[in-house]
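Single-structure report; data block below.
The values are calculated or read from the model by the stated rules, or taken from the named source; none is laboratory data. Because the structure is a prediction, the values reported are computed rather than measured. Here the Cβ positions follow ideal geometry from the backbone for every residue, glycine too, while neighbour counts run over all protein chains shown. What goes into the accessible areas is simple: the full protein's heavy atoms, side chains included, and nothing from ligands, DNA or RNA. Shrake-Rupley method; radii C 1.70, N 1.55, O 1.52, S 1.80 Å.
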Amino acid sequence: MKNIDEDADGLTAILEAPTIPSDFGFTEEHDLARTQARRFLQEHSSIERVRKLALDDVGFDPATWKQIAELGWIGLVSPEQYGGAGFDQLHLALLFEEMGRRLLPSPYFGTMLALAGIESAGSDAQKREWCPSIISGEKLATVALSEPDPSWEPNDVQTRVSPDSAKLTGTKTHVLFGRQADLFVVPARAGDQVGLYLVKAGQDAVRVEPEVSVDPTRRTARVIFEGADSIRLAGEDRAELGTWLAKGQAMLAAEMVGAIEATLGLTRDYAADREQFGRKIGSFQAVKHPIVDIMCGLELARSQALAAAAAFEAKDGKAPTAARMAKTLASDTFAYATRKGVQLHGGFGFTWDCDVHFYFKRALWSRGTLGDALHHRRHLAAEIFDHA
């Protein structure tokens with residue numbers, strides 16, 4: 001490990017906050033977009049619909065997915081030349097926050113991360129070929145990241161591609177809506193190099209097996225590639241995989257912020273209504289103090305999620321660090337909020353009829369996906385002290 005006193009300038013550079021543009025902030029346009037999203041999701045992702053889709057074979061409503069595409073949400077931050085709307089990253093963070101608040105059962109997260117991979121790593125020709133059909137909803141794309149030996153870091157990828165034939169071999173687990181996907185974006189290793197590859201579904205060499213997901217609103221599958229045909233994303237300005245994954249961490253952090261706020265609302269309202277020993281339970285310190293702790297954690301998590309969005313919008317090199325910090329803080333706060341939410345609902349909190357349990361399951365899924373808080377703290381510590 002380096003002596004910090006001998007490398008003060010380097011340490012200062014590491015600890016510098018990511019750049020936030022001077023004009024980055026909420027505008028009337030952001031407010032209108034958030035209002036539209038909240039209204040749409042209130043109608044199409046009520047808790048009653050969430051409960052119904054949690055028991056559905058598919059796990060999401062194709063008609064709602066089509067409407068999401070028509071609203072332009074899939075291409076929200078994509079360049080206009082590829083069929084997108086070209087909005088900034090704050091629009092995307094706000095949209096994910098609203099989706100998290102409503103626990104929208106949808107392939108949106110997997111599709112957005114897949115699309116970001118194509119846009120960051122693909123050539124112009126590849127973007128023109130694949131992005132429009134994904135943005136329009138014609139094709140459903142998802143990412144195949146996790147492997148049986150779990151790790152979310154690019155250096156640990158074991159799936160391999162034959163350098164002479166581009167045949168891809170390996171197993172990916174926890175693939176979001178893998179049974180419905182038309183296209184997989186897959187990190188794979190060719191020799192010593194790890195890159196992103198496109199694999200079309202429906203090949204004989206692609207086997208998709210359903211999994212039991214801890215979160216019934218996020219269906220997953222195990223995808224086994226047995227020499228599947230693949231296409232390497234080969235743009236000249238191909239972004240590092242770590243930066244691409246960091247975008248996913250930022251998206252997930254923003255989504256968790258919305259879910260935390262919903263959990264807080266459910267718990268607060270129950271505490272304000274439930275009576276015990278002739279008093280509202282919200283008047284007891286053992287109840288109101290945890291609720292305030294959740295509220296404080298929520299605002300910190302929201303600030304960090306927005307900071308990560310700002311850093312990516314500014315194309316700041318510190319954006320991956322900001323995303324790791326956002327994912328860490330949101331994961332911890334979401335876990336605490338749902339744990340206390342279940343506890344403060346008393347015996348009712350442990351039943352299927354209590355809505356909080358859906359948020360509890362989403363918290364379990366979200367914490368582990370793309371690395372939990374401990375995982376990211378280790379990497380942030382290694383970045384600071386240079387002892388990975």
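Kindly express, to the nearest 10 degrees and within the range 0 to 90, the angle between helix 356-368's C-alpha long axis and the longest C-alpha principal axis of the chain.
The answer is roughly 40 degrees.
Roll a 1.4 Å probe over the protein chains and send me the accessible area per residue for the stretch 220-285 in Å².
In whole numbers, the stretch 220-285 has 45 Å² accessible per residue.
Looking at I384, S46, A190, which one has the Cα that reaches farthest to the positive end of the dipole of the chain (charges on Cβ: Lys, Arg +1; Asp, Glu -1)?
S46
Exposed loop sites here are trypsin sites (Lys or Arg not before Pro) in DSSP loop states with at most 13 other C-beta atoms within 10 Å. What is the longest stretch of the chain lacking them?
Between exposed loop sites, the widest span is 3-314.
Under a crude label model (7 Å from the Cα following the beta-carbon direction), how far is V212 from S133 in nanometres?
Here the modelled spin labels are 3.6 nm apart.
Taking the Cα centre as origin and putting +1 on Lys and Arg beta-carbons and -1 on Asp and Glu beta-carbons, what dipole magnitude results for the stretch 185-268, to the nearest 20 debye?
Roughly 180 debye, rounded to the nearest 20.
With springs only between Cα atoms under 10 Å, which of Y82, Y359, Y108 fluctuates most in a Gaussian network model of the chain?
With Cα springs under 10 Å in the chain, the top fluctuation among Y82, Y359, Y108 is at Y82.
Ratio of Rg to Rh for the stretch 134-289, alpha carbon only, Kirkwood?
1.18
Using 0.36 nm per residue, how much length does the chain from E275 to W352 gain when fully extended, once their Cα-Cα distance is taken away?
Extra length available between E275 and W352 comes to 25.6 nm.
When the expected Rg is taken as 2.2 N^0.38 Å, what fraction or multiple of it is the alpha-carbon Rg of the chain?
Taking N as the residue count of the chain, the ratio is 1.00.
When the accessible area of the chain is split by element with a 1.4 Å probe, what percent falls to carbon and sulfur?
Carbon and sulfur: 51 percent of the exposed surface of the chain.
Residue separation times 0.36 nm, minus the C-alpha to C-alpha distance between Q158 and L380: what's the value?
Extra length from Q158 to L380 when fully extended: 77.5 nm.
For the stretch 105-118, just list the computed ³J(HN,Hα) in residue order, Karplus coefficients 6.51, -1.76 and 1.60, θ = phi - 60°, integers in Hz, with x standing in for Gly and Pro.
Couplings: x, 6, x, 4, 4, x, 5, 5, 6, 4, 5, 4, x, 5 Hz.
Hey, what does the equivalent ellipsoid look like for the stretch 90-170, semi-axes from the Cα gyration tensor as sqrt of 5 times each eigenvalue, largest first, whole Å?
26, 19, 11
Would you list, by chain and number, the lysines whose Cα falls below 16 Å from the Cα of K315, excluding same-chain residues fewer than 8 positions away?
The reachable lysines, counting only those whose Cα sits under 16 Å from K315, are K247.
Give me the percent of Cα-Cα pairs in the stretch 260-359 that sit more than 18 Å apart, rounded to a whole number.
For the stretch 260-359, the share of Cα pairs beyond 18 Å comes to 52 percent.
For K361, give me every one of the aspartates and glutamates with a C-alpha distance below 16 angstrom, ignoring sequence neighbours fewer than eight places off in its own chain.
E211, D215, E255, E261, D332, D353, D372
How far is helix 285-313 tilted off the main Cα axis of the chain, in degrees rounded to 10, range 0 to 90?
Result, in degrees: 30.
Grab the eigenvalues of the alpha-carbon gyration tensor for the stretch 19-157, scale each by 5, take roots, and send me the semi-axes largest first in whole angstrom.
Computed over the stretch 19-157, the values are 23, 22, 16 Å.
Please return the longest stretch of the chain lacking exposed loop sites, where GluC sites (Glu not before Pro) count only if DSSP places them in a loop and at most 12 other Cβ atoms lie within 10 Å.
By the stated rule (loop sites, at most 12 other Cβ atoms within 10 Å), 237-388.
For the chain, with the dipole built from +1 on Lys and Arg beta-carbon atoms and -1 on Asp and Glu ones, taken about the Cα centre, which of A309, V157, Y336 lies farthest toward the positive end?
Sorting the options by dipole projection puts first Y336.
Please list the non-local residues whose amide H lies under 5 Å from the amide H of A190, H modeled 1.01 Å from N, same-chain partners needing a gap of 5 or more.
V161, G195
How big is the dipole moment of the chain about its Cα centre under a simple scheme where the beta carbon of each Lys and Arg is +1, that of each Asp and Glu is -1, and everything else is neutral? Debye, nearest 20, please.
It comes to approximately 1280 debye.
Taking K and R as +1 and D and E as -1, what net charge do the other residues with C-beta under 10 Å from the C-beta of F177 add up to? Working shown, then result.
Working: positive: R179, R218, R219; negative: none.
With Lys, Arg at +1 and Asp, Glu at -1, the neighbours total +3.
If the only charges are +1 at each Lys and Arg Cβ and -1 at each Asp and Glu Cβ, what is the size of the charge dipole of the stretch 262-388 around the Cα centre, to the nearest 20 debye?
I would put it at about 120 debye.
In straight Cα distance, which lysines are under 16 Å from K127, not counting same-chain residues fewer than 8 positions off?
Once the sequence-local lysines are set aside, what remains near K127 is K139, K200.
Using Cα atoms only, what is the angle between the long axis of helix 124-135 and the major principal axis of the chain, expressed in degrees (0 to 90) to the nearest 10?
So the inclination is approximately 40 degrees.
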